1. Being surrounded by fewer than 20 Cβ atoms within 10 Å (Cβ to Cβ) and touching a residue at least 60 places away in the same chain (Cβ under 8 Å) is the filter; apply it to region 73-90 and report the residue that is nearest to residue 325 (Cα to Cα).
2. Where residues in region 88-103 are touching a strand residue (DSSP E or B) at 6+ places or on another chain (Cβ under 7 Å) and at pLDDT 95 or above, which of them is farthest from residue 5 (Cα to Cα)?
3. Inside region 1-112, counting only helices (runs of 4 or more DSSP H) that do not spill past its ends, which hold 3 or more residues that are more than 27 Å from residue 329 (Cβ to Cβ) and touching a helix residue (DSSP H, G or I) at 6+ places or on another chain (Cβ under 7 Å)?
4. Suppose we filter 142, 223, 229, 114 for residues that are more than 30 Å from residue 327 (Cα to Cα) and within 25 Å of the chain's Cα centre (by Cα); which single one remains?
5. For region 313-332, enumerate the residues that are crowded, with 18+ Cβ neighbours inside 10 Å and either closer than 22 Å to residue 111 by Cβ or without any contact (Cβ under 8 Å) to a residue 24 or more places away in the chain (or both).
6. Output yes when any residue across region 174-185 is surrounded by fewer than 15 Cβ atoms within 10 Å (Cβ to Cβ) and in contact (Cβ under 8 Å) with a residue 24 or more places away in the chain, and no when none is.
7. Just give me the residues in region 1-12 being surrounded by 15 or more Cβ atoms within 10 Å (Cβ to Cβ) and modelled with pLDDT under 95, in sequence order.
8. Check region 130-145 and report whether any residue there is under 25 Å from residue 233 (Cβ atoms) and touching a helix residue (DSSP H, G or I) at 6+ places or on another chain (Cβ under 7 Å).
């Protein structure tokens, strides 16, 4: 077993008991944490927060902490684009999001001489629940019931059911798998889409690859986007793909906004050719004031916060501690970012 220590800098807010858990996980771990120098969290597990105005002395203190860090829990909040310069001893960053590719690119860390691990899997449960809630909202006709109540209208009508529907899940990772598992409880079959062929299909009924998406769109009552944003997936679902869906199909995006052509999506929703959209992400965040997604009726908009639940920090710390033990032992880390694949 390699005999070295790990100087860990916690670079975004964590509850004190979680910081202490990290410090106790191994005697070779030395943790630096100064919440008074970090952005103020707006809710549990807020890893962005409201930036603080630091004094000159506080800036110097944070700079000093960065200089000695070998491992960082989250990216530097102050000048992340200078990470390699500020932290010459840095070997590994544990990101707090599953989709870290855009941050890595923005901070100039693509192909940097360090390891980045993501929080892939941590957010699978909450995001899948959000997807299911939105799907049920439209499938069971809740918008009409809400509208009737507001207008004091009492009318009996028929509705639909999820049972017997089929979902095409683009992105067969942990989020996509959990979504398919929940849908299966409602007798919804699913096709999983992965970048490369897979022999094992569970929990999906069928597995296919990205280039074969057009073959499966005509049978997809529900289209779920749960893949990472890469050069290959940007604009993957355009007007042609949306038009290929059955009339009344539902579209769910819990991946990244730029994967879908939002103008074509809004047109499909406005014409009622699409039955509804459930969006946790948009191509521009915050959503621009003139976006038609604000005004179309059959859309649920979440401001990229469907995964913000109180248990998030604890789950990320569980993952981080396991990776710390692997790091100290010289073993491969979990969820290591693939710079070539972009996720």
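1. 89
2. That would be 95.
3. Result: 56-68.
4. 223
5. 323, 327 - these are the residues of region 313-332 that are crowded, with 18+ Cβ neighbours inside 10 Å and either closer than 22 Å to residue 111 by Cβ or without any contact (Cβ under 8 Å) to a residue 24 or more places away in the chain (or both).
6. no
7. Scanning region 1-12 gives a single hit, 6.
8. yes
The values are calculated or read from the model by the stated rules, or taken from the named source; none is laboratory data. Every value quoted in this text rests on a predicted model; they were computed, and no experiment measured them. We place every Cβ from the backbone using ideal geometry, glycine too, and count neighbours over all the protein chains shown.
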